[in-house]
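Engineer: Supplied in structure tokens, the structure appears directly below.
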Amino acid sequence: MTPIHSPADDISPGMIRLLALAAGLIVASLYYAQTLVGPISAATGLSLDAAGLIVTLTQVGYALGLLFIVPLGDLLENRKLVFVLLLGTSAMLAAAAFSSSAALFLAASLGIGLGSVAAQVLVPFAAHLAREETRGQTVGKVVSGLLLGIMLARPAASLIADHFSWHAVYGGAALAIAALAFVLRARLPQRAPASSLPYGRLIGSMWQLLTTTPVLRRRAAYHAAMFASFSLFWTVTPLVLAGPGFGLSQTGIAIFALVGMAGAVASPVAGRLADKGHTLFATAAALLLGVVSFVLPLFAPGSREVALGLLVLASIILDMGVAANLVLGQRTIFALGAEVRSRLNGIFFALFFAGGAVGSALGAWVYARHGWQAALLTGLAFPAAALVYWTSEWAAERRLTQSAQAPLQ
């Protein structure tokens, strides 16, 4: 029998764990390539200048899917939509596994990005299943799973590639996503949205949502900056670690990436802060973490061991800032209305993934042309600009507080 969810019920811990696991496994498909840029580009004939396309095209596909597929979560039965998307993702991962040319691999990468937006149908699904008073914590836990998937994808890909090949990474992922599709079809409750808008009007309404929802634009800007720095860091750093300065193997890079997983602890903490009304200053803290993460390696001494330690610390701090800022953004936009939740989430993710695509492409280009220090300064500029933008929100909030207190004085 198909499970049905009652609005009076809160989401069960088991369902939260399933959604967190599913989101992590799905979104991991976007990130296997980050620590495999070197071997994939060598095997497919891509130059160092063009290596960023391996990550960028996946993110471009993801952004397109967020704009044109995720909004269907407000129109179609969500469980069936997720099932179809996952089968498509599995097929694209299989195509990547058997690629021997740059053109085929890059085309598969675009398809992987398109299908992996199933994760962003599941996150609003979790918000829908949760009660208002626990929504931030629920979203935070599911996003923790999503972020753990991102962080585990890098070391897992490196370890598998070191012992087998990068082809095995994508082949195994294809099988795992296919299995997940059938598990979710069996376990997820039905969610049939009430909207009856034609698809064209549904997509058209997204522009109106963007232009009439200032908080959506602001949260997207904050996270576009954070995700640009995140993508730049994880596109360039594996190239630096494998270079003559550090000389790490794929296994060494995997261990480095594994340590960065510690940053995921920030997600549920940020969710609780948002539920308690502390979003404004929690956002400033998250953006500041992004700035600090790029300042640290800029001042690395000549010692290889100390420089590597600073890079490890920087990766943890950056991942903490990104994790916290993502939860704060989603908690804020999910409070704007259940009937448009998938569209809001699609716009939010599309905009910040566009930032990620810019970061990864720019990072690879700057590193190839101007070196590591220039790449760090470029990464630093993104969260710094977002922090400057945040001051306008803080100033507006302060003016509102002072106006509210004025009659009492």
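The values are calculated or read from the model by the stated rules, or taken from the named source; none is laboratory data. Note that the coordinates shown come from a computational prediction; the quantities given were computed from them, not determined experimentally. We place every Cβ from the backbone using ideal geometry, glycine too, and count neighbours over all the protein chains shown. Calculation scope for accessible area: heavy atoms of the full protein, side chains included, ligands and nucleic acids excluded. Shrake-Rupley method; radii C 1.70, N 1.55, O 1.52, S 1.80 Å.
Engineer: Counting only residues that are touching a Leu at 6+ places or on another chain (Cβ under 9 Å) and open to solvent by 10 Å² or more (accessible area, probe 1.4 Å), which one in region 79-93 is nearest to Phe182 (Cα to Cα)?
Structural biologist: Residue satisfying both the conditions and the ranking: Phe83.
Engineer: So, one more: Within the set of pairs 6 or more residues apart or between chains, which connect a residue that is at pLDDT 75 or above inside region 263-282 to a residue that is aromatic (Phe, Trp, Tyr) and in a helix (DSSP H, G or I) with Cβ atoms less than 9 Å apart?
Structural biologist: If the second residue must be aromatic (Phe, Trp, Tyr) and in a helix (DSSP H, G or I), the pairs left are Leu273/Phe281; Leu280/Trp390; Leu280/Trp394; Phe281/Trp394.
Engineer: Hey, could you check region 307-344 for residues that are of a type in the set (S, T, N, Q) and under 20 Å from Leu380 (Cα atoms) and say which is surrounded by the fewest Cβ atoms within 10 Å (Cβ to Cβ)?
Structural biologist: The extreme case among them is Ser315.
Engineer: Sticking with this one: Please work out which residue is nearest to Ser231 (Cα to Cα), limiting yourself to region 146-173 and to residues that are buried (at least 24 other Cβ atoms within 10 Å of the Cβ) and not aliphatic (A, V, I, L, M).
Structural biologist: Per the stated criteria, the residue is Arg154.
Engineer: Which residue out of Ser100, Ser109 is open to solvent by 30 Å² or more (accessible area, probe 1.4 Å), under 30 Å from Gly45 (Cα atoms), at pLDDT below 95 and small (Gly, Ala, Ser)?
Structural biologist: Only one candidate passes the filter, namely Ser100.
Engineer: Next question. Report, by residue number, each residue of region 40-78 that is at pLDDT below 85, of a type outside the set (A, V, I, L, M), outside any loop (DSSP other than H, G, I, E, B) and open to solvent by 10 Å² or more (accessible area, probe 1.4 Å).
Structural biologist: Hits for region 40-78 are Ser41, Thr44, Thr56.
Engineer: Do we have Val312 as modelled with pLDDT of 75 or more and not charged (D, E, K, R) here?
Structural biologist: yes
Engineer: Here is a further query. Take the residues in region 231-262 that are assigned to a loop (DSSP other than H, G, I, E, B) and touching a residue at least 12 places away in the same chain (Cβ under 8 Å); name whichever of them is nearest to the chain's Cα centre (by Cα).
Structural biologist: Result: Ser249.
Engineer: Tell me whether region 228-247 contains one or more residues that are closer than 13 Å to Ala324 by Cα and not hydrophobic (A, V, I, L, M, F, W, C).
Structural biologist: Within region 228-247, not a single residue is closer than 13 Å to Ala324 by Cα and not hydrophobic (A, V, I, L, M, F, W, C).
Per-residue answers, yes or no, for (1) in contact with an Asp or Glu (Cβ under 8 Å, 6 or more places away or on another chain); (2) over 25 Å from Leu328 (Cα atoms); (3) open to solvent by less than 20 Å² (accessible area, probe 1.4 Å); (4) not charged (D, E, K, R):
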{"residue": "Leu188", "(1), (2), (3), (4)": "no, yes, yes, yes"}
{"residue": "Ala192", "(1), (2), (3), (4)": "yes, yes, no, yes"}
{"residue": "Ser196", "(1), (2), (3), (4)": "no, yes, no, yes"}
{"residue": "Trp207", "(1), (2), (3), (4)": "no, no, no, yes"}
{"residue": "Thr212", "(1), (2), (3), (4)": "no, no, no, yes"}
{"residue": "Arg217", "(1), (2), (3), (4)": "no, no, no, no"}
{"residue": "Thr237", "(1), (2), (3), (4)": "no, yes, yes, yes"}
{"residue": "Leu241", "(1), (2), (3), (4)": "no, yes, yes, yes"}
{"residue": "Leu258", "(1), (2), (3), (4)": "no, no, no, yes"}
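Engineer: Testing Gln373 on (1) surrounded by 17 or more Cβ atoms within 10 Å (Cβ to Cβ); (2) part of a helix (DSSP H, G or I), one condition comes back false. Which one is that?
Structural biologist: For Gln373, the failing item is (1).
Engineer: Suppose the filter is of a type in the set (Ser, Thr, Tyr) and within 23 Å of Tyr62 (Cβ to Cβ); does Ser342 pass it?
Structural biologist: yes
Engineer: If you don't mind, another one. Can you tell me which residues in region 354-402 are within 25 Å of the chain's Cα centre (by Cα), over 15 Å from Thr235 (Cα atoms) and of a type in the set (Phe, Trp, Tyr)?
Structural biologist: Scanning region 354-402 gives Phe382, Tyr389, Trp390.
Engineer: A further question follows. I'm checking my understanding of the structure. Among residues of region 290-306 that are free of Cβ contacts under 8 Å to residues at least 60 places away in the same chain and surrounded by 14 or more Cβ atoms within 10 Å (Cβ to Cβ), which one is farthest from Phe227 (Cα to Cα)?
Structural biologist: Of everything passing the filter in region 290-306, Ala300 is farthest from Phe227 (Cα to Cα).
Engineer: While we're looking at this one, here's another question. Restricting to region 199-240, give me the number of residues that are out of contact with any Ser or Thr (no Cβ under 9 Å at 6 or more places or on another chain) and either closer than 22 Å to His128 by Cα or aliphatic (A, V, I, L, M) (or both).
Structural biologist: 14
Engineer: May I ask you to list the residues in region 14-34 that are of a type in the set (Ser, Thr, Tyr) and assigned to a helix (DSSP H, G or I)?
Structural biologist: Tyr32
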